[in-house]
Structure formats: C-alpha cells, structure tokens
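S.K.: After the structure tokens below, expect a handful of questions from me.
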Amino acid sequence: MITDSPKLIIRFALVAEQPNPRDEDRLNGSAAENSIAGIKRYTGFVRGKDLYALFDHVSLEANPRAAKVGAVVRDIMESLSKTPELFPFKSKGVLLGTADYEPLQRNRFELTFNDPASEGVLDGGHNMLAIGLHMLAAVTDVSKVQLWEEMKDLWDEHRVALEKVKENFDFLVPVELLVPSDVEDEHAVAEFEMSVLDICAARNNNAQLTQETKSNKLGFYTEIRDRLDKAIADRVEWKSNEWESNETRPIKVRDLLALAWIPLNFANEQKLLPFDISVSPQNIYRNKGECSKQFDKLMGDPGVSVKVEGPTHELQNDVVASAFDILADLPKLYDRIYADFPEAYNSNGYRFGGNNIVKLYDPAKRVNANDKSGFVVTQPKTPFTNEPVYYRYPDGLIMPLVYGLKGLLTVKDGAIEWATDPFLFLDAHLPSIAGAYRLVLDMARFDPQKLSKNQASHEFAVGEFEKALLKIQAGRRDVLA
C-alpha cells in the first residue's frame, strides 16, 4: 500500500547485472567495482503488479518529455489488452535511474529518488502513462484522461480499488535500472549524476528531444521563469509536450530566449558579459535556434552559472540577472507594440490596413464588404498575453521595433535598467516612431521577411527609440534648470 516513505522497493521477475563480476576481465582493467563510466545497470522484467510502488511515488519530472495521451499511448494500451504476453518484446519499457539504491534479496531493489528533477523515470514516460491507464481502466473510466498528472490524480483516488485487482496484472514490463558503481564513493555518485542528463537526451533522440528541453533540466530557465508574470510563465512550453490547452497555443521557450538577446546584446556592447557573445538582430526573428544555442553557451559559462546539484546550474552573474529583469517586461511590450502599432501608423495619415498582408477583424464591416479577403472571422490575439486585437499581420513587420526597445536601456551600478518607463514611453512616442518607420516599411515593400532579416531596419528602429529618449532626457534637464 502507499506510504509516506521516500523509499520504494521494485521487484524484478528476472534481472541481470551489467557488467557483473565475471565480466571484469573483459573490461580491460576497469575499477575493482565492476562498472562502465562509473555506472552499473540492472536489466530485466518487472511484472505490472510490482510497478505499483512506482505509480504511488514517482513523478515524470526527470523524463525530458512530458507524457500525454496520443496515438503512441493508445497503441501501448491496445497491446496490453490484446497481447500482454508479447508486450515485453514489443516495448523498450522503462528506464529508471537513481544515485541512492540498495540491492536486496530475491531480485528486489530499494530505491530512493532524492532529486526528482534528475532521478526517477528517465525514459519510458509514455509506457508508464499507458500502463497506469490500463490498470485504472479495470476500476474506473479513463477516457477523459490526457496527461500524466491527471492519471496520477485518478490513481490516488482509486488506490484502494486498484489494490483489489493488483494480482490481475501479471504481464511483464522491460525495466532498466541505472545506478552509480559505488554509492559510498562521492566521486562515483557525482559522476553518475552528471551523466544522467546526457543519458536522458540520448535515449530520447528518436523522439526529437529539443535543445530547450535539456537546457530546462540544466536549470538555465529557472531565473527567467521566476521573473515572468505567472499567466505568461504558465503558458510557456519549457519542455517538449509539457503544455496542454484547448484554448490557446503555448509560448515556445525559444521565443523568450530570442527576446532575451535584446538586453543581452546591450550588455555585450557595454562589455559587461564575461566574454564576447551576441546574436545578430535579425536572428531574433529568423533563427531562434541560434539564439537558443548562444543562450546555452552563455549560461554554461562558469562566469555566469555554477553547478549546485547534479546537472543543475544556478545563476551567479548579476548582469545576466538584470538582463532577465528586462526580459520579464519584453513579452508584454512586444504585445503592446503589436496591438498599438496599426493605429500609431494610421495616426500619421497612413493606412495600415491598405496592405494585403494585413487583415482586419470587424464583423459588421465584413458582412457588407464585397471583398471579404481583407477580413478575418476570428478575432486575433497577441502571442504572449493572449489579449484580443483588431489587426492580424505577420510579426516580421514589427520585429525591428521590438528590437528598438534596446535603445531605452542604460547601465546603472553595473546592472542593466530601463532609462525610462517603457510602457509610458510607447504611449507617448510610438506614433512618431511609427511615422518615421514608414520609410523602412516602404523600402521593404511591406515584406516582413525582407524587413526583419535586414540588420539595417533593426538599427534604424534602435536609433528612433534613442532619439525619442534623448528628447525626454533633454526635457528633464530643462525642467531642472
């Protein structure tokens, strides 16, 4: 039955130690404690009923990909129902890992997952979800379950009923257990913990594990997540398949990392970063993968973050921390520019909606319009704050303006700050900047690709923001005088 103990016991029906003591001579003089790279593994089969302890206590936090119901999970459940005897040969099973374990008698192992972020189920989350649902289906309806967390809630709710049908689940599941070569050797344990992340990534390669997923496990995004408004942070897909909603699209983490290079580029220009690193402005739009890679390179530098537990890093650089403070405002500023730019542009006597790539949401006008191609039926929403707007257009048209916010940054006491309130700045100066920006739009012929892939358009926008800021600062000096 479920207990409050952090320990759990897994019993293998059949298990083999790899490498075992008899293999020592074949390992070309490895350490006395038989291992490869400081790691031992136990492979074998565990009966479904003996996985109850895992479902009682383990999350899927260590698994790089969050599990959700889809075609794969449904296929696994069908296999368990129709051909359970073939399941151990049709499935790669479950990969477990922990730095704290003890072999017991009768093929049993006592496991303790002290760090759920890097220990527990390293691979096989979809198998775990399917097996859990298969067992639950014997006692309740599981048709509405989509996510691992929902399955776990149902598991806890029906735990007593599950105990009564436990002996029915005699099917075998392939299970692999990775452990340090010597749990008493601090060096061996540390080596094991650092290897777990790479093992996770390698085992998930066939599932297209993203770079961002691995970086999330390294802790590179923790400080960003903590600074964002909760409503935005909750919509970010920090790791693959993690975010699920029927109402809105998730925010891709690389969209945030791209915006991060606005203050980070400024910090680099001011020579405040530990080494010379930046991205070209146009890559914030056209090559977000490069932004993500450069972000990892920056965060992995010992002058920026240090390892604290296993693979997890902790931010130590005050300049980068201040850049993240700026980043916390950028999603909302991005949406403000997207929402307000059409009217700001029109305030100069121009007609933003006159371009065929711009669509208007106006149900009343659409009904009477002879040409309905210039309208959208569903009201558009901003990408980060999900606020309704009346124009839909490619974000490439405004990306240089978003980058232009770099012109409002300054350095104070070694940290990056806003030189003025950016939201009030946009209220006052976006119309005049939009008027000047028409030159760039005309030169690009309203082509968002040409516009956002041209470094000159970004530099022009930064210059316009800087000029408006200088006027503000000059006004303040006049008042003081």
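The values are calculated or read from the model by the stated rules, or taken from the named source; none is laboratory data. Keep in mind the model is a prediction, meaning the values are calculated, not measured. Cβ sites come from the backbone with ideal geometry, for glycine too, and all protein chains shown count toward neighbours. Just the protein is used for accessible areas: all its heavy atoms, side chains included, with ligands, DNA and RNA removed. Shrake-Rupley method; radii C 1.70, N 1.55, O 1.52, S 1.80 Å.
S.K.: For segment 125-146, enumerate the residues that are part of a loop (DSSP other than H, G, I, E, B) and under 30 Å from the mean Cα position of the chain (by Cα).
M.R.: Val142, Ser143, Lys144, Val145, Gln146
S.K.: Could you list all residues from segment 87-108 that are open to solvent by 10 Å² or more (accessible area, probe 1.4 Å) and not in a loop (DSSP other than H, G, I, E, B)?
M.R.: Matches in segment 87-108: Pro88, Phe89, Lys90, Asp100, Tyr101, Glu102, Pro103, Arg108.
S.K.: Residues being in a loop (DSSP other than H, G, I, E, B) and within 15 Å of Arg438 (Cα to Cα): count how many of those fall in segment 322-349.
M.R.: Qualifying residue count, segment 322-349: 3.
S.K.: Looking at segment 379-393, which of the residues that are surrounded by fewer than 16 Cβ atoms within 10 Å (Cβ to Cβ) and within 28 Å of Ile262 (Cβ to Cβ) is modelled with the lowest pLDDT?
M.R.: Once the filter is applied, the top-ranked residue is Asn386.
S.K.: State all residues of segment 66-96 that are under 18 Å from Val175 (Cα atoms) and not hydrophobic (A, V, I, L, M, F, W, C); if no residue qualifies, say none.
M.R.: Correct list: Ser79, Pro84, Glu85, Pro88, Lys90, Ser91, Lys92, Gly93.
S.K.: Here is a follow-up. Please work out if Leu122 is at pLDDT below 90, outside any loop (DSSP other than H, G, I, E, B) and either surrounded by fewer than 19 Cβ atoms within 10 Å (Cβ to Cβ) or touching a Cys at 6+ places or on another chain (Cβ under 6 Å) (or both).
M.R.: Working: at pLDDT below 90: yes; outside any loop (DSSP other than H, G, I, E, B): yes; either surrounded by fewer than 19 Cβ atoms within 10 Å (Cβ to Cβ) or touching a Cys at 6+ places or on another chain (Cβ under 6 Å) (or both): yes.
Taking the combined requirement at face value, the residue satisfies it.
S.K.: A follow-up question, please. Please name all residue pairs, on different chains or six or more residues apart, with Cβ atoms under 6 Å, provided the first residue is in segment 427-439 and is closer than 16 Å to Arg351 by Cα and in contact (Cβ under 8 Å) with a residue 24 or more places away in the chain and the second residue is surrounded by fewer than 16 Cβ atoms within 10 Å (Cβ to Cβ) and among the small types (Gly, Ala, Ser).
M.R.: Close Cβ pairs satisfying both conditions: Pro431/Ser347.
S.K.: Kindly check whether there is at least one residue in segment 293-302 that is of a type in the set (Phe, Trp, Tyr) and over 15 Å from the mean Cα position of the chain (by Cα).
M.R.: no
S.K.: Is it true that some residue in segment 300-309 is part of a helix (DSSP H, G or I) and out of contact with any Phe, Trp or Tyr (no Cβ under 9 Å at 6 or more places or on another chain)?
M.R.: Initial filter on segment 300-309 (part of a helix (DSSP H, G or I)): none.
Checked segment 300-309: no residue is part of a helix (DSSP H, G or I) and out of contact with any Phe, Trp or Tyr (no Cβ under 9 Å at 6 or more places or on another chain).
Conditions (1) open to solvent by 50 Å² or more (accessible area, probe 1.4 Å); (2) modelled with pLDDT under 80; (3) farther than 24 Å from Leu111 by Cα; (4) in contact with a Ser or Thr (Cβ under 6 Å, 6 or more places away or on another chain), marked per residue:
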residue: Pro180; (1), (2), (3), (4): no, no, no, no
residue: Ala188; (1), (2), (3), (4): no, yes, no, yes
residue: Val196; (1), (2), (3), (4): no, yes, no, yes
residue: Glu244; (1), (2), (3), (4): yes, yes, yes, no
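S.K.: Looking at segment 290-311, which of the residues that are open to solvent by 20 Å² or more (accessible area, probe 1.4 Å) and under 24 Å from Gln449 (Cβ atoms) is modelled with the highest pLDDT?
M.R.: Looking at residues that are open to solvent by 20 Å² or more (accessible area, probe 1.4 Å) and under 24 Å from Gln449 (Cβ atoms), I get Gln294.
S.K.: Kindly check whether there is at least one residue in segment 313-326 that is open to solvent by less than 40 Å² (accessible area, probe 1.4 Å) and closer than 25 Å to Phe192 by Cα.
M.R.: Yes: one or more hits.
S.K.: Right, next: Working carefully through the options Val358, Val376, Val367, Val402, find the one that is of a type outside the set (Asp, Glu) and modelled with pLDDT of 95 or more.
M.R.: Val402
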